[in-house]
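Some notes on the structure that comes next.
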Amino acid sequence: MNIVINEYQNSVTANKVVQQLYGLYAKKLLAYTTNNYSVNEDDAWTLVYKTIYKVADVYEKYSFESEQKQSAFVFKTHINFLRNFFRDNKTFEAKNHEVELDEKYYSEKEEVITNENIYLKILQAELDKLDAWERILLLMRGQEMPYGDIAKFVNKPEKHLKVYYARLKKQLLNSVNEKLQSLDKLNHEKK
């Protein structure tokens with residue numbers, strides 16, 4: 001009998017969490033997805049629901065210091081589902097298009113991809129050093145989202161976001177350039 005009561009209480013609690021998450025984030029996530037990506041509304045809703053249910057599943061495992069941290073967590077989860085969505089659709093398209101590459105073309109492309117990966121790794125390392133709200137600001141503003149909408153996700157005053165964004169861009173650019181110069185210097189010394 002106690003097991004049945006506990007399962008009922010857990011399902012009621014889970015439903016409340018889903019309802020709260022839906023009320024807080026569903027419209028924001030849907031608007032973000034449909035406005036910034038070429039995703040139809042049905043797929044966007046599917047991604048929103050996946051996000052909400054995933055966050056609800058793991059909600060008890062986390063405690064958030066503030067609503068800002070919770071919003072960042074929800075947004076990051078949603079971005080991961082978006083990435084998976086595009087990865088899966090890209091894989092589907094790649095399977096349906098046959099491309100023949102000769103060895104020379106392939107090896108040149110492979111070399112370029114290797115170099116790009118170094119640059120991407122440097123950029124990713126610098127992004128990882130930032131706080132979650134800073135990464136969200138850079139990502140969303142990079143997609144030309146208005147500061148008013150971004151303020152809802154990062155819980156920072158809208159009037160300060162423009163300054164934060166400019167500082168973050170400059171900081172990131174300087175850090176990446178510094179790493180690239182060190183890398184170039186190291187490569188020249190090897191030659």
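Got at least one residue in region 82-92 being of a type outside the set (Ser, Thr, Tyr), modelled with pLDDT of 85 or more, out of contact with any Cys (no Cβ under 7 Å at 6 or more places or on another chain) and loosely packed, with under 12 Cβ neighbours inside 10 Å?
Among the residues of region 82-92, at least one is of a type outside the set (Ser, Thr, Tyr), modelled with pLDDT of 85 or more, out of contact with any Cys (no Cβ under 7 Å at 6 or more places or on another chain) and loosely packed, with under 12 Cβ neighbours inside 10 Å, which makes the answer yes.
Just checking, which of 13, 51 is on the phi < 0 side of the Ramachandran plot, surrounded by 11 or more Cβ atoms within 10 Å (Cβ to Cβ) and modelled with pLDDT under 80?
Step by step, each of 13, 51 is checked, and only 13 is on the phi < 0 side of the Ramachandran plot, surrounded by 11 or more Cβ atoms within 10 Å (Cβ to Cβ) and modelled with pLDDT under 80.
Among the residues of region 151-185, write down those that are assigned to a helix (DSSP H, G or I) and either more than 17 Å from residue 139 (Cα to Cα) or outside the structural domain of residue 138 (by TED's automatic domain parsing) (or both).
Of everything in region 151-185, those that are assigned to a helix (DSSP H, G or I) and either more than 17 Å from residue 139 (Cα to Cα) or outside the structural domain of residue 138 (by TED's automatic domain parsing) (or both) turn out to be 159, 174, 175, 177, 178, 179, 180, 181, 182, 183, 184, 185.
Tell me which residues, restricted to region 38-48, are within 21 Å of residue 142 (Cα to Cα) and either of a type in the set (Asp, Glu) or surrounded by 15 or more Cβ atoms within 10 Å (Cβ to Cβ) (or both).
39, 44
Considering each residue of region 32-68, count those that are closer than 22 Å to residue 133 by Cα, without any contact (Cβ under 8 Å) to a residue 60 or more places away in the chain and part of a loop (DSSP other than H, G, I, E, B), and give that number.
Within region 32-68, residues that are closer than 22 Å to residue 133 by Cα, without any contact (Cβ under 8 Å) to a residue 60 or more places away in the chain and part of a loop (DSSP other than H, G, I, E, B) number 5.
Pull up region 54-76, narrow it to residues that are among the polar types (S, T, N, Q) and surrounded by fewer than 17 Cβ atoms within 10 Å (Cβ to Cβ), then point me to the one that is nearest to residue 155 (Cα to Cα).
Here the answer is 66.
The values are calculated or read from the model by the stated rules, or taken from the named source; none is laboratory data. Computed from a prediction, not measured in an experiment: that's the story for all the values here. Every residue, glycine as well, gets a Cβ built from its backbone with ideal geometry; the counts of neighbours run over all protein chains shown.
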